[in-house]
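Notes follow the structure.
What follows is calculated from the coordinates using simple rules that are stated; it is not laboratory data. Keep in mind it's a predicted model, so treat the numbers as computed, not measured. Neighbour counts are summed over all protein chains in view; Cβ atoms, including those assigned to glycine, are modelled from backbone coordinates with ideal geometry.
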Amino acid sequence: MKLSIRKYGDPALRAKGKRVVEIDNAVRELADNMLETMRGANGIGLAAQQVGQVLQLTVVDISAVEDRPSSMAWNGKEVDPKEQMPLILLNPQIETGPEKGVASEGCLSFPEISAEIERAEWAKVRAQTMTGEMVEIEATGLLARALQHEIDHLNGILFIDRMSSAARASVSSRLKRLQKETQRGLTTNRQPRTVEPAL
Ligand code: ZN
């Protein structure tokens, strides 16, 4: 089932996710719905906060992107990133390398807004998979960027927080408008919230 994607101005986006303690049917259903929602929106990643669930759960699938390569190691072994997609990660912890790179980034919670964002070129993530086992993922390229973006979401951090002050200034009027629209929707249109799975 596709879920409604929360937009900038929704308080769930600023909340730090709670740890997922038990991988039960509700968590499995949420992860499936998040994958469907991400794909339906042509996204490459989605965090639980973006569908209104304040949990340490994110999904990533970069396999449709041809022009921005990635490399990946799974528990220390080099693998083809596309063969590992989609990733469903619970309770991730991230470490990043010192080298930075700038690339264009968008976010499903900020329709039609994108900006050049500086991120680490290399990231290492330790997380649980849906079977509960711990995995260590090392990534570069687009995958490293997507992991940093999603794990930021799980901690209530948004890509606008990573924009340069000039980039942020150039989108500020659109941000204000989006925030107002979202807040109006939150108070007058409660219907979409009730169709989402409770957890
Ligand atoms: Zn995002």
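Within the chain, what is the longest stretch that has no GluC sites (Glu not before Pro) placed in a DSSP loop and near at most 14 other beta-carbon atoms within 10 Å?
The reported range is 134-199.
Report the residue, chosen from ARG119, ARG145, ARG177, that carries the largest GNM mean-square fluctuation when the chain is represented by alpha-carbon nodes joined by springs under 10 Å.
Ranking ARG119, ARG145, ARG177 by mean-square fluctuation puts ARG177 first.
If each DSSP helix of 4+ residues adds -39,500 (n - 2.57) and the sum is divided by the residues in the chain, what number results at 222 nm, nearest 500 deg cm²/dmol?
Value at 222 nm, helices only: -10000 deg cm²/dmol.
Multiplying the sequence separation of MET130 and ASP24 by 0.36 nm and subtracting their Cα-Cα distance, what value in nm do you get?
Gain on extension, MET130 to ASP24, equals 37.2 nm.
Residue by residue, what Karplus-based ³J(HN,Hα) values in Hz, rounded to whole numbers, does segment 141-153 have, using 6.51, -1.76 and 1.60 with θ = phi - 60° and x for Gly and Pro?
Those phi angles translate into x, 4, 5, 4, 5, 4, 5, 5, 4, 6, 6, 4, 3 Hz.
What's the tally of Lys pairs in segment 1-82 whose alpha-carbon atoms lie under 26 angstrom apart, where the two lysines are 8 or more places apart or on different chains?
For segment 1-82, qualifying lysine pairs total 5.
Would you look at the GNM of the chain, springs on alpha carbons closer than 10 Å, and say which of GLN53, GLN93, GLN148 moves the most?
Its mean-square fluctuation being the largest, the pick is GLN93.
Can you give the extra length, in nm with one decimal, that the chain gains between GLU181 and ALA103 once fully stretched, where that is 0.36 nm per residue apart less the Cα-Cα distance?
Working it through step by step, the gained length comes to 25.3 nm.
Tally Lys/Arg at +1 and Asp/Glu at -1 over every other residue whose Cβ is under 14 Å from the Cβ of THR140; what's the total?
Taking every other residue near THR140 into account, the sum is -1.
Assign unit charges at the C-beta atoms only (+1 for Lys and Arg, -1 for Asp and Glu), then state the dipole size of the chain relative to its Cα centre in Debye, rounded to the nearest 20.
So the magnitude is around 1120 debye.
Two decimals is fine: what is log10 I(q)/I(0) at q = 0.08, 0.09, 0.13, 0.18 Å⁻¹ for the chain, from a Debye sum with one equal scatterer on every Cα and no solvent?
Results for the chain at q = 0.08, 0.09, 0.13, 0.18 Å⁻¹ read -0.25, -0.32, -0.68, -1.32.
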